[in-house]
Amino acid sequence: MRIYNEYGRRDNMYKARIKILVQALGREAFLEKVNAEFAAMDRSRYRLPAEVVDAIRARFGAPAFETLADGSEALAAQCRADREFAVWVGTNTHPHKQPGYCSLTVSCKPAGGIPGDATAEQMDLLADLADQYSFGELRITHMQNVVLGHVRQDRLFDIWQVLQANGLGTANVGLLTDIIACPGLDYCSLANARSIPIAQKLSARFADNTLQQEIGQLRLNISGCINACGHHHAGNIGILGVDKRGEEAFQITLGGSTGDDASVGQILGSAMSEDETVDAIARIIDTYLVRRNPGERFIETCRRLGAAPFKDAAYATV
Ligand code: SF4
């Protein structure tokens, strides 16, 4: 913060970001200044008393888990009996270190809906579900979904039914329609283009869950301007809203990833209209489905083939 205050561009709202400063100074010079600042600090002043540390630690203790047997077999039987439930368990639940428990992600991305939106009634419901099933704990994720962190496996079916009945049961976590979108021009004064309508069109276009399962893991992120609040550059497919001679338009980026093998997406080509972009992405997906090797995720196919075949597909009819 001190280095930023001294050298950063607080005088210019468009340049008031630490990434701008890192680029201006260079990575090494920036690191040198930060490290020198750390070295000059008297850090003993910031050491917390042991009782304060203990009090903080106590707030992060594990919930009062029940001693349960592993519920995987019973859950598998429920999944065999209800295919829709099985699909949801496959995409939206995650292992837990405590036997008999799991965590689950509630998707706030219904088909054709606004990514990350929830009504007041849905938020009340999620709070009640957290109280009833997850030790009063829920978390909002940067993927714009909600996680119930500690749920008994033998309660999953009940919870799923409640979620289904209230528009929160979409089985798409980690799939194509689990889109991150910033508020864009609908709500943000810095935007070049609207992020939400194009997200809704893509969500409706790929609503078929069987198709999404077939496509597999794919992250699609949308930002309404270069400030990148929707992390478009980190999406396997990214969409960036730009201003093209006074009209809203969209650039597609390809190859971004936030995994251990993180990478920044590269711009495919010139910007297109909203509908052209949706069609281009459909052709990019088709190219992946035709060209992928068995078991290969979208990002892996992109890396193996490079951008060329996807670019050809994207601009095939534009
Ligand atoms: S990326 Fe741009 S349009 Fe989207 S919320 Fe951030 S500043 Fe606003």
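The values are calculated or read from the model by the stated rules, or taken from the named source; none is laboratory data. Since this is a predicted model, take the numbers as computed values, not measurements. Don't worry about glycine lacking a Cβ; one is built from the backbone with ideal geometry, like all the others, and counts go over all protein chains shown.
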By residue number, the members of the range 121-138 that are surrounded by fewer than 18 Cβ atoms within 10 Å (Cβ to Cβ) and in a loop (DSSP other than H, G, I, E, B) are PHE135, GLY136, GLU137
I need the full set of residues from the range 260-296 which are surrounded by fewer than 20 Cβ atoms within 10 Å (Cβ to Cβ), in a loop (DSSP other than H, G, I, E, B) and touching a residue at least 12 places away in the same chain (Cβ under 8 Å), in order please. ALA262, VAL264, GLY269, SER270, SER273
Among the numbered conditions (1) over 30 Å from ASN293 (Cβ atoms); (2) away from the ligand (no atom under 16 Å from the Cβ), tell me where GLY174 comes up short. (1)
I need the full set of residues from the range 180-196 which are in contact with a Lys or Arg (Cβ under 7 Å, 6 or more places away or on another chain) and more than 8 Å from the ligand (Cβ to nearest atom), in order please. ASP186
Does LEU220 satisfy the condition of being within 16 Å of the ligand (Cβ to nearest atom), within 24 Å of ILE18 (Cβ to Cβ) and touching a helix residue (DSSP H, G or I) at 6+ places or on another chain (Cβ under 9 Å)? no
List every residue pair whose Cβ atoms lie under 7 Å apart, where the two residues are 6 or more positions apart in sequence or sit on different chains, the first residue falls within the range 192-204 and is farther than 16 Å from ILE180 by Cβ, and the second residue, located anywhere, is at pLDDT 95 or above and surrounded by 22 or more Cβ atoms within 10 Å (Cβ to Cβ). ASN192/GLY224; ASN192/GLY241
Only listed residue being within 15 Å of the ligand (Cβ to nearest atom) and small (Gly, Ala, Ser), chosen from ALA204, ALA165, ALA199: ALA199
Residues to consider are ALA171, ALA193; find the one that is under 25 Å from HIS96 (Cα atoms) and among the small types (Gly, Ala, Ser). ALA171
TYR14 vs. criteria among the hydroxyl-bearing types (Ser, Thr, Tyr), within 27 Å of the chain's Cα centre (by Cα) and over 20 Å from ALA130 (Cα atoms): yes
Among the residues of the range 243-254, are any within 16 Å of the ligand (Cβ to nearest atom), assigned to a loop (DSSP other than H, G, I, E, B) and more than 16 Å from ILE196 (Cα to Cα)? no
Filtering the range 1-60 for residues that are of a type in the set (A, V, I, L, M, F, W, C), within 30 Å of LEU190 (Cβ to Cβ) and surrounded by 11 or more Cβ atoms within 10 Å (Cβ to Cβ) leaves a count of 12
By residue number, the members of the range 139-190 that are buried (at least 21 other Cβ atoms within 10 Å of the Cβ), assigned to a helix (DSSP H, G or I) and either touching a residue at least 60 places away in the same chain (Cβ under 8 Å) or hydroxyl-bearing (Ser, Thr, Tyr) (or both) are GLN153, LEU156, TRP160
Residues in the range 223-238 that are more than 11 Å from the ligand (Cβ to nearest atom) and touching a residue at least 40 places away in the same chain (Cβ under 8 Å) total 3
